[in-house]
Amino acid sequence: MLQSLARLYPPPRLLTRPGGLLPYESDGLTVFRARPRAVVLPESREEVIETVRLCHRAQIPFVARGSGTSLSGGALPHTDGIVIALNRLNRIIEVDPVDRIAVVEPGVINLDVSSAVASHGLYYAPDPSSQPVCTIGGNVAFNSGGAHCFKYGMTLNHVLGLEAVLPDGTVVTLGGRSLELTGPDLVGAYVGSEGLFGIALEITLRLLPQPECSRTVLAAYQSLEAAGDAVSHIVASGLLP
């Protein structure tokens with residue numbers, strides 16, 4: 001298997017020595033660690049697809065990894081497996097300000113999407129606390145939320161479609177570029193599956209208009225019960241903070 005990977009990747013992008021593997025032994029949940037057999041650093045969708053097909057033929061487990069910010073052990077490798085690190089697939093392929101969509105690769109940083117579309121008066125709403133470093137591919141795998149998910153929803157509510165390579169190497173297209181789709185919600189089944197259904201290669205995101213203004217309000221309460229009641233009254237009034 002390593003010989004096959006060596007034919008696909010030059011030495012700087014195929015890591016097999018302990019020092020190179022060390023950063024990939026865990027994600028943000030560092031209490032659990034495992035050293036993979038190898039780590040590959042693809043720079044194209046074709047390399048990802050071929051790597052998955054090699055793993056399938058050799059019956060070698062693989063784990064896709066973004067920035068490794070998960071606190072649930074989702075990027076924990078298998079000791080006999082391969083880590084496919086997707087950080088170098090970081091292109092924003094398309095921005096369509098009319099249809100309010102962006103098509104991105106899985107290694108694009110969450111906050112970079114909003115930065116790229118800000119000149120069009122748009123932004124990408126899901127904002128996990130690791131927004132400056134986490135990747136869209138990781139957000140899709142975990143259906144990430146954030147401080148504004150109560151108002152705007154989770155990642156699932158902002159993914160219109162995606163192209164993915166399944167664990168056997170088959171490439172599929174799910175969803176599309178519109179909210180008006182018919183048939184089973186395959187995108188909904190994929191988002192949040194934590195890599196079980198393969199690796200996303202391209203992701204079509206829904207963008208929102210930037211708020212006209214924002215205000216921060218600080219309120220103090222005498223008790224937790226009073227604070228909870230205030231939140232309940234705000235939501236009941238029709239406002240979503």
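Regarding residue 195, is this residue touching a helix residue (DSSP H, G or I) at 6+ places or on another chain (Cβ under 8 Å), assigned to a loop (DSSP other than H, G, I, E, B) and not assigned by TED's automatic domain parsing to the domain that holds residue 47?
Numbers: touching a helix residue (DSSP H, G or I) at 6+ places or on another chain (Cβ under 8 Å): yes; assigned to a loop (DSSP other than H, G, I, E, B): yes; not assigned by TED's automatic domain parsing to the domain that holds residue 47: yes.
Yes; evaluated as a whole, the condition is true for this residue.
Are any of the residues in the range 16-37 touching a Gly at 6+ places or on another chain (Cβ under 8 Å), farther than 30 Å from residue 145 by Cβ and not assigned by TED's automatic domain parsing to the domain that holds residue 203?
Yes; the residues of the range 16-37 include at least one that is touching a Gly at 6+ places or on another chain (Cβ under 8 Å), farther than 30 Å from residue 145 by Cβ and not assigned by TED's automatic domain parsing to the domain that holds residue 203.
Are any of the residues in the range 114-128 assigned by TED's automatic domain parsing to the domain that holds residue 176, within 26 Å of residue 165 (Cβ to Cβ) and among the polar types (S, T, N, Q)? Walk me through it before giving the result.
Residues of the range 114-128 assigned by TED's automatic domain parsing to the domain that holds residue 176: 114-128.
This time we only want the ones that are within 26 Å of residue 165 (Cβ to Cβ), so: 116, 124, 126, 128.
Okay, now just the ones that are also among the polar types (S, T, N, Q), so none.
Scanning the range 114-128 turns up no residue that is assigned by TED's automatic domain parsing to the domain that holds residue 176, within 26 Å of residue 165 (Cβ to Cβ) and among the polar types (S, T, N, Q).
Checking residue 107 against (1) outside the structural domain of residue 192 (by TED's automatic domain parsing); (2) crowded, with 18+ Cβ neighbours inside 10 Å; (3) in contact with a Gly (Cβ under 8 Å, 6 or more places away or on another chain): exactly one of these is not met. Which one?
(1)
So which of 18, 77 is out of contact with any strand residue (DSSP E or B) (no Cβ under 8 Å at 6 or more places or on another chain) and over 17 Å from residue 165 (Cα atoms)? Steps first, please.
Working: 77 fails: out of contact with any strand residue (DSSP E or B) (no Cβ under 8 Å at 6 or more places or on another chain).
After ruling out the rest, the residue left standing is 18.
Does residue 5 qualify as being surrounded by 19 or more Cβ atoms within 10 Å (Cβ to Cβ) and either under 20 Å from residue 169 (Cβ atoms) or touching a residue at least 60 places away in the same chain (Cβ under 8 Å) (or both)? Write out each step before concluding.
Working: surrounded by 19 or more Cβ atoms within 10 Å (Cβ to Cβ): yes; either under 20 Å from residue 169 (Cβ atoms) or touching a residue at least 60 places away in the same chain (Cβ under 8 Å) (or both): yes.
So residue 5 passes the test.
From the set of residues in the range 59-85 that are of a type in the set (A, V, I, L, M, F, W, C) and modelled with pLDDT under 95, which is surrounded by the most Cβ atoms within 10 Å (Cβ to Cβ)?
First, the residues of the range 59-85 that are of a type in the set (A, V, I, L, M, F, W, C): 60, 62-64, 71, 75-76, 82-85.
Filter again for modelled with pLDDT under 95, leaving 71, 75-76.
Details: 71: 12, 75: 26, 76: 20.
In this case the residue turns out to be 75.
Mind listing whichever residues of the range 115-149 are surrounded by 20 or more Cβ atoms within 10 Å (Cβ to Cβ), part of a helix (DSSP H, G or I) and over 12 Å from the mean Cα position of the chain (by Cα)?
Within the range 115-149, 117 is the sole residue that qualifies.
Cβ-Cβ below 9 Å, separation at least six or inter-chain, first residue in the range 195-218 and closer than 16 Å to residue 106 by Cα, second assigned to a strand (DSSP E or B) and of a type in the set (Phe, Trp, Tyr): which pairs?
Taking only residues 6 or more apart or on different chains, the pairs are 195/62; 199/62.
If you check residue 161 against the conditions, is it over 12 Å from the mean Cα position of the chain (by Cα), in a strand (DSSP E or B) and closer than 20 Å to residue 105 by Cβ? I'd like the intermediate steps shown before the answer.
Numbers: over 12 Å from the mean Cα position of the chain (by Cα): yes; in a strand (DSSP E or B): yes; closer than 20 Å to residue 105 by Cβ: yes.
Spelling it out, residue 161 is indeed over 12 Å from the mean Cα position of the chain (by Cα), in a strand (DSSP E or B) and closer than 20 Å to residue 105 by Cβ.
Return only the number of the condition from (1) in contact with a Pro (Cβ under 6 Å, 6 or more places away or on another chain); (2) within 18 Å of residue 73 (Cβ to Cβ); (3) modelled with pLDDT of 95 or more that residue 140 does not satisfy.
(1)
When you scan the range 1-88 for helices (runs of 4 or more DSSP H) that lie fully inside it, which ones turn up with 2 or more residues that are closer than 20 Å to residue 197 by Cα? Steps first, please.
Working: elements: 2-8, 18-21, 45-58.
Per the criteria, 45-58.
Please specify each residue of the range 164-198 satisfying the condition of being within 13 Å of the chain's Cα centre (by Cα), within 30 Å of residue 231 (Cα to Cα) and not β-branched (Val, Ile, Thr).
From the range 164-198, those within 13 Å of the chain's Cα centre (by Cα) are 164, 190-195, 198; that's our starting set.
Now narrow it down to the ones that are within 30 Å of residue 231 (Cα to Cα): 191-192.
Selection gives 192 alone.
Among the residues of the range 184-196 satisfying the criterion of being touching a strand residue (DSSP E or B) at 6+ places or on another chain (Cβ under 8 Å) and either buried (at least 18 other Cβ atoms within 10 Å of the Cβ) or charged (D, E, K, R) (or both), which is nearest to residue 89 (Cα to Cα)? Working first, answer last.
Taking the range 184-196 first, the residues touching a strand residue (DSSP E or B) at 6+ places or on another chain (Cβ under 8 Å) are 186-187, 190-191, 195.
If we keep only those that are either buried (at least 18 other Cβ atoms within 10 Å of the Cβ) or charged (D, E, K, R) (or both) as well, we get 187, 190-191, 195.
Details: 187: 21, 190: 19, 191: 19, 195: 17 Å.
The residue in question is 195.
The values are calculated or read from the model by the stated rules, or taken from the named source; none is laboratory data. This one's a predicted model, so the numbers in the text were calculated from it and none came from an experiment. Every residue, glycine as well, gets a Cβ built from its backbone with ideal geometry; the counts of neighbours run over all protein chains shown.
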